[in-house]
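Report on the structure given below.
The values are calculated or read from the model by the stated rules, or taken from the named source; none is laboratory data. Values in this document were obtained by computation on a predicted structure and should not be read as measured data. Here Cβ is always computed from backbone atoms with ideal geometry, including for glycine, and neighbour counts include all displayed protein chains. For the accessible areas, the whole protein counts, side chains as well, though only heavy atoms, and no ligand, DNA or RNA atoms are used. Shrake-Rupley method; radii C 1.70, N 1.55, O 1.52, S 1.80 Å.
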Amino acid sequence: MKKTWVWLILIIAIASFFRLYNLSSTPPGLYPDEAMNGNNALEALHTSPPAGGYKVFYPENNGREGLFINIQAAFLGSLENSGISPTQPWALRFPSAIFGILTVLGLFFLTKELFRVSSASWRIGFRISRGEVTALLSSFFLAVSFWHINFSRVGFRAIMAPAFLIWALYFFLKSISPARQQARPKPAGWRLFIIPAVLSGIIFGLGLYSYIAYRAMPLLFLVFIPFFWRSKQFWQAAAAFTIGAVITAAPLGLYFLNNPADFLGRTSQISVFSSASPLKDLVINTSKTAAMFNFAGDGNWRHNLAGAPQLYWPVGILFLIGIPISLYTLFRHSRESGNPVHNSSLLLPIILFSWLFISALPVVISNEGLPHALRAILMIPPVFILSALGGIYVYEHLKTILPRQRRFLFALAIIFLATITINTYDTYFLKWGQNPETAGAFNQNYVDLAAQINSLPSAIPKYVIVDSGGVDVRGLPMPAQTVIFLTDTWSPENRQTKNIFYLLPPQTDSIPPTAPVFHI
């Protein structure tokens with residue numbers, strides 16, 4: 001047990017390093033979507049309702065659930081109170097890093113609990129019953145995953161989605177796990193299981209404030225019903241979970257009730273069902289999404305080392321091994337038990353495959369930028385649990401082949417894990433982080449422009465002509481948001497104080513001949 005905690009601490013340290021190291025300069029630049037969050041956060045921090053203040057939903061830029069922006073606002077406020085300038089790219093990305101670390105920690109506890117609740121002891125030529133080892137390996141793969149590290153260092157709200165879902169599932173499993181032990185007498189205070197159930201519901205409800213793809217995840221909790229429907233405790237826990245989730249999500253639900261157009265945002269615009277051949281597009285999208293793990297990943301430099309598989313190839317192979325292992329377990333135990341839902345060993349593979357399928361739905365029904373690593377962010381946890389299962393299978397199989405070489409195999413495993421870690425550092429911080437394409441994808445040119453403006457005295461009038469296309473935000477195209485955030489000119493008062501004027505091309509006649517002019 002002590003060794004488990006030592007390994008877990010090491011994994012969290014590795015995860016923290018990859019999510020916090022050099023955050024001030026990697027990734028470079030500041031994408032306008034991140035800056036838009038920052039400007040909304042500053043407005044929430046410094047103004048009062050109805051014009052400002054903290055909101056459950058921010059309608060600009062196609063609409064965003066408000067929780068992440070509100071968390072960013074609180075962090076920016078803490079920097080201001082400490083005398084640190086909040087208008088820096090890393091300040092918007094730090095909350096993402098914290099959510100990323102919490103996700104790695106949560107995956108350990110969730111995987112361990114899944115093994116415990118499902119009583120997963122599988123025999124495939126040998127016995128696999130190592131929940132803790134699988135949990136550690138799952139967390140490690142997540143800790144050093146370029147896919148997850150990248151979104152843990154960008155100021156997008158989507159990074160909250162896997163964190164909330166993982167912890168909601170963990171506490172829900174904690175609340176229903178005794179339901180399998182019907183023969184065990186209920187101790188005094190047995191209704192304490194309601195506490196993790198309510199906590200699970202609250203956390204799950206918070207997840208609905210994270211990312212639009214999360215809205216499909218209530219379906220995942222329906223998977224538990226066939227396994228536990230005879231248990232009174234399960235239904236009590238489910239009721240407590242539902243109440244907690246509904247109360248937590250109620251403010252957002254009321255907002256959508258009053259503003260129904262914001263519920264779908266631009267989802268309907270990019271849906272396969274809006275295309276001329278929806279069935280064909282669905283097949284193509286599914287193929288691209290399935291191929292992104294091992295063959296051709298996201299081509300967007302903001303999301304990935306463009307075109308590279310989402311999984312480093314050794315982990316990708318283990319993922320491919322983990323899938324048939326889980327399927328074999330599923331079908332074998334189904335035949336042995338006669339009724340799959342009466343066999344608790346099947347809960348783990350059914351949860352994993354259901355999770356993959358449900359989280360893939362928002363990806364494959366969209367027709368924009370596929371394969372899409374960001375939209376598929378909720379697929380990350382089950383992918384790495386399956387990869388860990390593949391890794392445990394390979395290791396145990398090698399032990400049967402080389403029974404007298406335990407120390408050698410352990411050393412080989414450590415070298416393997418160290419190689420993955422080194423590759424992640426090289427890929428993220430060197431090949432991707434220092435690539436000019438990455439700087440371009442995050443609009444480093446806008447950051448440089450803002451630095452030039454900030455270097456000039458406030459007494460000098462400075463004119464910024466915004467000639468880039470983009471969604472209109474209060475009279476200016478979206479690309480202006482990066483310069484607005486970094487110059488701290490989100491408010492008319494600050495623009496006047498700093499003598500910075502934002503103009504559209506038709507308004508350039510008002511610029512004095514000697515005034516410095518900048519172009520976006």
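In segment 426-438, the residues that are in contact (Cβ under 8 Å) with a residue 60 or more places away in the chain and among the hydroxyl-bearing types (Ser, Thr, Tyr) reach residues that are open to solvent by 20 Å² or more (accessible area, probe 1.4 Å) and outside any loop (DSSP other than H, G, I, E, B) with C-beta atoms within less than 9 angstrom, at least six apart or across chains, in these pairs: THR427/PHE146; TYR428/PHE146; THR438/GLN444.
Residues that are under 17 Å from PHE151 (Cα atoms) and assigned to a helix (DSSP H, G or I) within segment 441-450 comprise just one, ALA441.
With respect to PHE384, determine if the residue is touching a residue at least 40 places away in the same chain (Cβ under 8 Å), surrounded by fewer than 23 Cβ atoms within 10 Å (Cβ to Cβ), more than 22 Å from PHE273 (Cβ to Cβ) and not basic (Lys, Arg). For PHE384, the condition - touching a residue at least 40 places away in the same chain (Cβ under 8 Å), surrounded by fewer than 23 Cβ atoms within 10 Å (Cβ to Cβ), more than 22 Å from PHE273 (Cβ to Cβ) and not basic (Lys, Arg) - is not met.
Could you tell me whether segment 374-382 includes any residue that is in contact with a strand residue (DSSP E or B) (Cβ under 7 Å, 6 or more places away or on another chain) and part of a loop (DSSP other than H, G, I, E, B)? Looking through segment 374-382, at least one residue is in contact with a strand residue (DSSP E or B) (Cβ under 7 Å, 6 or more places away or on another chain) and part of a loop (DSSP other than H, G, I, E, B). The set of residues in segment 345-378 being open to solvent by less than 30 Å² (accessible area, probe 1.4 Å), closer than 17 Å to ILE323 by Cα and touching a residue at least 24 places away in the same chain (Cβ under 8 Å) consists of SER345, LEU346, LEU347, LEU348, ILE351, LEU352, SER354, TRP355, LEU356, ILE358, SER359, ALA360. Is it the case that some residue within segment 487-506 is surrounded by 15 or more Cβ atoms within 10 Å (Cβ to Cβ), under 26 Å from ASN304 (Cβ atoms) and either touching a residue at least 40 places away in the same chain (Cβ under 8 Å) or out of contact with any Gly (no Cβ under 6 Å at 6 or more places or on another chain) (or both)? No - not one qualifying residue is present in segment 487-506. A search for C-beta distances below 6 Å between a residue of segment 215-237 that is more than 17 Å from LEU169 (Cβ to Cβ) and any residue that is open to solvent by less than 10 Å² (accessible area, probe 1.4 Å) and at pLDDT below 90, counting only pairs 6+ apart in sequence or on different chains, returns SER231/ALA179; GLN233/ALA179. The condition (being out of contact with any Ser or Thr (no Cβ under 8 Å at 6 or more places or on another chain) and outside any strand (DSSP E or B)) is satisfied by just one residue among PHE416, PHE501, PHE429: PHE416. Considering only segment 7-25, state which residues are open to solvent by less than 10 Å² (accessible area, probe 1.4 Å) and in contact with a Gly (Cβ under 9 Å, 6 or more places away or on another chain). Residues satisfying the conditions are ALA15, PHE18, ARG19. Checked against the criterion of being farther than 19 Å from LEU254 by Cβ, basic (Lys, Arg) and either modelled with pLDDT of 95 or more or part of a loop (DSSP other than H, G, I, E, B) (or both), segment 83-93 has at least one qualifying residue.
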